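The structure appears below as structure tokens.
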Amino acid sequence: MSIIFRAAGKALPAQRCTNDDLSKKIDTTDEWIRSHTGIGARYLAEETDTCSDLGAQACRDALKKAGVSASEVNLIICSTATTDYNGFPSNACLMQEAIEAENAACFDLSAACSGFVYGLDCAAGLMARHNWKYALVCGAELLSRITDWTDRSTCVLFGDAAGAVLLENNSEEKARGLGSFILGAQGTGSKYLYNKYGGKLTMDGHAVYDFAVGIMTKIIKDLMEKENLTEHDVDFFVCHQANERILKASAKRLGFKIDKFIFNMEEYGNTSSASIPITLVDMEERGQLKKGMTVVSAAFGGGLTYSGCVFRW
Ligand code: ACO
């Protein structure tokens, strides 16, 4: 049995905000943001937008591309740090209602930016156990709602977006699908990145940066060892899009060329758990990502959490 990717979808709020737009409101410059992060723009939600709506749009996009009806979906997992409600209903339940996927089990997953890859592994396990055919795994984030717009060292980093993949349990496919996973957490680092009740996102940028480079390097190395892959065997490294410098430093430590690492934070900023699926959508739309290609993914985030996986698209 293989759990394969059938399709990927994305959704963005309408409002695009460039670094120059931000520099009119806070004490920053396009030059600083680009040179420290690689970010050029981000999309920001209007007050009337909801996170579950954005997630539902991304799921609809994936279902439409796959030609699969929402009523065939057995499971919806929504990774998010910005649920519409406090605890319940989950975003996944709201998304189920919006897309009319009445036969799906639904829950939200809280693993910050690592949540999309956590979600893939959870979905694969549940699909195998219940012999379910289809699952939607979505990363949906309205980080602008928890951003401290008076803190220039964090507010320039984040953007709003949702990305979703439709997974299929397919016994015919041998050469495609999900491979090895690594999931983990370092709770001792919870103090470096948090969002207290009623508060705003707070981050020790240097501590998170050090953790990120170390763990991304380790995840990629360990996954490739597990699957017996060389740099040559991997088509792309599709990692969490937090900061261009983190990915470049990780590639350097691994001794890998940078050209297989995908970057899209220039257009979207850091969209937390939405960043990997929206990258997959864009790569497919560009004709860059083709069936059967080998991808290594790695992510890190608040918790501090980390996750990674190897898959054949
Ligand atoms: N514009 C202009 N100047 C700024 C800005 C800004 N937006 N922000 C900070 N500065 C200034 C600081 O005040 C400081 O000035 P000083 O030297 O006069 O005191 C100077 O720039 C350098 O600040 P640093 O914090 O040392 O800058 P650094 O090079 O470390 O970059 C950054 C900061 C980008 C946050 C970096 O630490 C980083 O990327 N950390 C990891 C963050 C991350 O990935 N977070 C996401 C984790 S999980 C998730 O995705 C939700």
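FYI, it's all coordinate maths here, none of it is from the lab. Just so you know, these numbers come straight off a predicted model, no measurement behind them. Don't worry about glycine lacking a Cβ; one is built from the backbone with ideal geometry, like all the others, and counts go over all protein chains shown.
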Inset, instruction - Please report, in cubic angstrom per residue, the volume enclosed by the convex hull of the alpha-carbon atoms of the range 177-312. - result: 114 Å³
Inset, instruction - Quick one: go through the range 117-149 and flag any residue whose amide nitrogen is under 18 Å from the point 7 Å out along the Cα-to-Cβ line of Ser69. - result: 133-136
Legend entry - Inter-probe distance in nm under a simple model that places probes 7 Å from Cα toward Cβ, at Glu172 and Thr18: 4.8 nm
Inset, instruction - Between beta-carbons, use under 13 Å as the cut-off and find the net charge around Phe261, counting Lys and Arg +1, Asp and Glu -1. - result: +2
Inset, instruction - Sort 110-123, 47-60, 202-215, 182-195 for me by packing, meaning the mean count of neighbouring Cβ atoms within 10 Å per residue, highest on top. - result: 110-123, 47-60, 202-215, 182-195
Legend entry - Helical segments meeting 20 Å axial Cα length and Kyte-Doolittle -1.0 threshold in the chain (DSSP H): 51-66, 115-130, 205-226
Legend entry - Ellipticity estimate at 222 nm from DSSP helix runs (n ≥ 4, -39,500 (n - 2.57)) divided over the chain, nearest 500: -10000 deg cm²/dmol
Inset, instruction - Can you pull the one-decimal nm distance between simple spin-label points at Arg245 and Lys133, each 7 Å off the Cα toward Cβ? - result: 5.0 nm
Inset, instruction - Mind putting a number on the dipole of the chain about its Cα centre? Charges go on the C-beta only, +1 for Lys and Arg and -1 for Asp and Glu, and I need it in Debye to the nearest 20. - result: 760 debye
Legend entry - Spherically averaged projected area of the range 2-170 from its Cα convex hull (nm²): 10.1 nm²
Legend entry - Using alpha carbons only: equivalent-ellipsoid semi-axes of the range 144-199, gyration tensor based, whole Å: 36, 17, 10
Legend entry - Computed FRET value (nearest 0.05) for Thr202 with Glu97, which takes r as the C-beta separation and R₀ as 51 Å: 0.95
Inset, instruction - Among Phe181, Leu223, Ala7, pick out the residue whose Cα is farthest towards the positive end of the charge dipole of the chain, where Lys and Arg carry +1 and Asp and Glu carry -1 on C-beta, about the Cα centre. - result: Leu223
Inset, instruction - Using the number of other C-beta atoms within 10 angstrom as an exposure proxy, rank Asp108, Asp259 with the fewest first. - result: Asp259, Asp108
Inset, instruction - Please list 125-137, 234-246 highest first by mean number of surrounding beta-carbon atoms within 10 Å per residue. - result: 234-246, 125-137
Legend entry - the range 1-66 and the range 156-216: distance between their alpha carbon centers, rounded to Å: 16 Å
Legend entry - Lysine pairs in the range 2-170 with Cα atoms under 18 Å, if 8 or more residues apart or on separate chains: 4
Legend entry - Cβ-placed point charges (K, R +1; D, E -1), dipole of the range 177-312 about Cα centre in debye, nearest 20: 280 debye
Legend entry - Label-to-label distance, nm, for residues given as Trp149 and Lys25 (7 Å Cα→Cβ offset): 0.4 nm
Legend entry - Estimated dipole of the range 1-82 in Debye, rounded to 20 [Cβ of Lys and Arg +1, of Asp and Glu -1, Cα centre]: 400 debye
Inset, instruction - Return the tail of the calculated pair distribution for the range 127-230, meaning the percent of Cα-Cα pairs more than 22 Å apart. - result: 56 percent
Inset, instruction - Determine the principal axes of the Cα atoms in the chain, then give the extent along each, sorted from largest to smallest and rounded to whole angstroms. - result: 55, 46, 38
